[in-house]
1. Among the candidates R192, R179, which residue alone is in contact with a Gly (Cβ under 6 Å, 6 or more places away or on another chain) and basic (K, R)?
2. What pairs come up if the first residue lies in region 237-254 and is closer than 20 Å to G312 by Cα, the second is among the β-branched types (V, I, T) and assigned to a helix (DSSP H, G or I), and their beta carbons are under 8 Å apart, counting only those six or more places apart or on different chains?
3. Filter region 45-69 for residues that are among the small types (G, A, S) and surrounded by 14 or more Cβ atoms within 10 Å (Cβ to Cβ); which is farthest from C22 (Cα to Cα)?
4. Given the criterion surrounded by 13 or more Cβ atoms within 10 Å (Cβ to Cβ) and within 29 Å of R120 (Cα to Cα), identify the matching residue among R224, R295.
5. Looking at (1) within 13 Å of the chain's Cα centre (by Cα); (2) assigned to a strand (DSSP E or B), find the lone condition where A217 falls short.
6. Would you point out which residue out of R111, R120, R131 is within 21 Å of N178 (Cβ to Cβ), modelled with pLDDT of 95 or more and basic (K, R)?
7. Check off (1) among the polar types (S, T, N, Q); (2) surrounded by 17 or more Cβ atoms within 10 Å (Cβ to Cβ); (3) within 16 Å of T85 (Cα to Cα) for S31 and give me the number that stays unchecked.
Amino acid sequence: MSELVLSVVVIGRDEGARLERCLKSIRGMKSPGGDFEIIYVDSASKDGSRELAATYGAQVLSLETARPTAAKARNLGWRAAKAATILFLDGDTILDPDFASSSIGEFADSRLAIVWGHRREIAPENSIYNRVLDFDWVYPPGYTEFCGGDALMRRRVLEEVGGFDGRFIAGEEPEMCNRIRQRGYLILHVDRPMTGHDLAMMRWGQYWKRAVRAGYAYAQVAHRYWNSEHPLWKRDVISNVIRAGFLLALPLAALVTSLWLASPIPVLAAALIFILLVVRSAFRAGWKTKDPSTRVLYAAHSHFQQIPIFFGQLEYLWDRIRRQSRGLIEYKEPSQ
């Protein structure tokens, strides 16, 4: 038996067919230069996910907690892993067959703690939400401040920083990356495919919940580092408050003014302002996609999402005032 060079940690909850697709992609990947193990961490699935993972040779662990989070599941997985390099995957992803083998060698640089590649949506054509949010995953390659949930990580660094913080319901990866960078390590985004993701977003309510969760994470993470030497998401939180406040106040002010003046001009002017904002953002998003309609949709999303993100921030502040912990904000439905 060759040396165990990679531990693949998959987390999931009621992923069903999505999990099977993920496990198949792991089994079908090109050899990373030695043996690898699969560890599946399940968060109270009721669809037979644990049994399914076992049939693919995975070591199956169950997250036993009344308040499961992705951070807690990932911690349980990597702490049980045996290899020096950990590949984290979500159960709704498909691993590119060449990513591990072509990326694990990057760790020859002792400064590197994390290596991650491109994540894209598997079926952007299935809904307008999939089509637009696909470009939320697009980042330029190079050294970055943080990574997402799919990434190769050096186990020794995870041990140094204590892994993910299980109290975060989202945003746990950037928060941990902030601690990693404070120790002088680097995070590298390589210009190669890594995973396909199945957003499976078909309804407005899912879109809204996902953005609310993002706002909650922004506020929770930013609060921790607000007055530190290495603030994280502080500017994003402040920017969101300003942008959401403007977007909420603009139509209301326009409507009141139109009624007062008995003229549609203020409403039309407000609509024109929003259109101009979208056009400017669409122009700036040209590096992500050249398709004009997609650029416009993505630009409109980049502005409109500020409203549910703001409400997510308010939810975090309300929980903090009441000194209550929030459970997961789940937008995705169980796979059939």
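The values are calculated or read from the model by the stated rules, or taken from the named source; none is laboratory data. These figures come from a predicted structure and were not determined experimentally. We place every Cβ from the backbone using ideal geometry, glycine too, and count neighbours over all the protein chains shown.
1. None of the other options fit; the residue is R192.
2. Pairs that qualify, where the first residue is closer than 20 Å to G312 by Cα and the partner is among the β-branched types (V, I, T) and assigned to a helix (DSSP H, G or I), are N240/I309; A244/I307; A244/I309; L247/I307; L248/I307.
3. Step by step, filter region 45-69, then rank; the result is S62.
4. R295
5. (2) is the only condition that A217 fails.
6. Numbers: R120 fails: within 21 Å of N178 (Cβ to Cβ); R131 fails: within 21 Å of N178 (Cβ to Cβ).
None of the others qualify; the one that does is R111.
7. Condition not satisfied by S31: (2).
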